[in-house]
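In what follows, a single structure is set out as structure tokens and then discussed.
What follows is calculated from the coordinates using simple rules that are stated; it is not laboratory data. Source: prediction; values computed, not measured. Methodologically, a virtual Cβ is constructed for each residue, glycine included, from the backbone with ideal geometry; neighbour enumeration extends over all protein chains shown.
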Amino acid sequence: MNKSIIRIVTYAICLALLLAFTLHTLFLREDLERQDDPIPEKNRKITYNDLNTPNYNNTIFGQYDDVVVLVHVKTSDSIFWLRNMYSDVNFLTVCENNKVSDYCDIVSNRKEDQGSSNNHVYYALSTFCSSKQKYKAYVKMDFQILFNKKYVYDILKEFSRNPNKRNYLGYEDNQKTKVNDKEYPLNSRFFAISSKLHEDFCSCNISEPKKDTYDEWFYKSVSECIGKDKIKFTPIDNNFVQFSFFKGDGVRLEIKP
């Protein structure tokens, strides 16, 4: 009987010593980690860069339902390239009546060789005057345009937030660029308007473009109707919206002008 009690007491002492050693080791480890970590655990948090972490709200995809991009295409243009390059952009293709393909969303009522080749812009914008589908911003661009989505997104975000303001994004007069040592005018390649300016276009009874480039025609026509001082003009930065040619780290890209 005495031997059994001694054995039980011995086991209990061993377990107590083992438990004490284990607790001591755990507390010692926490003390060491606390000394190495300058930030207390209660103050730790995951941080990230909002600009470099893509999500729905900080990319152009967040504007998908608010902005439509009208892209002028011809039968010789690659719709495969367009859909992959701008897969996160809500774009519609615009074609002339004699250059129609399966991928044409809006077809002009004229052929390219009938009068001004800028008729497709007039027709595309006019289509939305009677359409139930409205957008907070409208963009018109050529197939050969390459634009920085972050740059354009930030500007269009302001257009969407203030759809009742007359905002216009476009090239200043007589801007040009060089591709393979040949100069090309940038006017008519890309411009964007707020929904309020599109409403003005629809209500001003504007005539089709004659000889002017289509951005010049639009800006001049709407200005004459409502007053130039009512339009907020934002000039395009050529570093972020480029025509036909792009060269960067490890990349050299050229789209046939």
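Counting every other Cβ atom within 10 Å of each residue's Cβ, Ser76, Ser194 order from fewest to most as Ser76, Ser194. Placing dummy labels 7 Å off each Cα toward the beta-carbon, the span from Asp154 to Asp249 is 1.9 nm. Pairs exceeding a 32 Å alpha-carbon distance, out of Lys230/Lys256; Lys74/Lys149; Lys210/Lys247; Lys196/Lys256; Lys74/Lys210; Lys132/Lys232: Lys230/Lys256; Lys210/Lys247; Lys196/Lys256.
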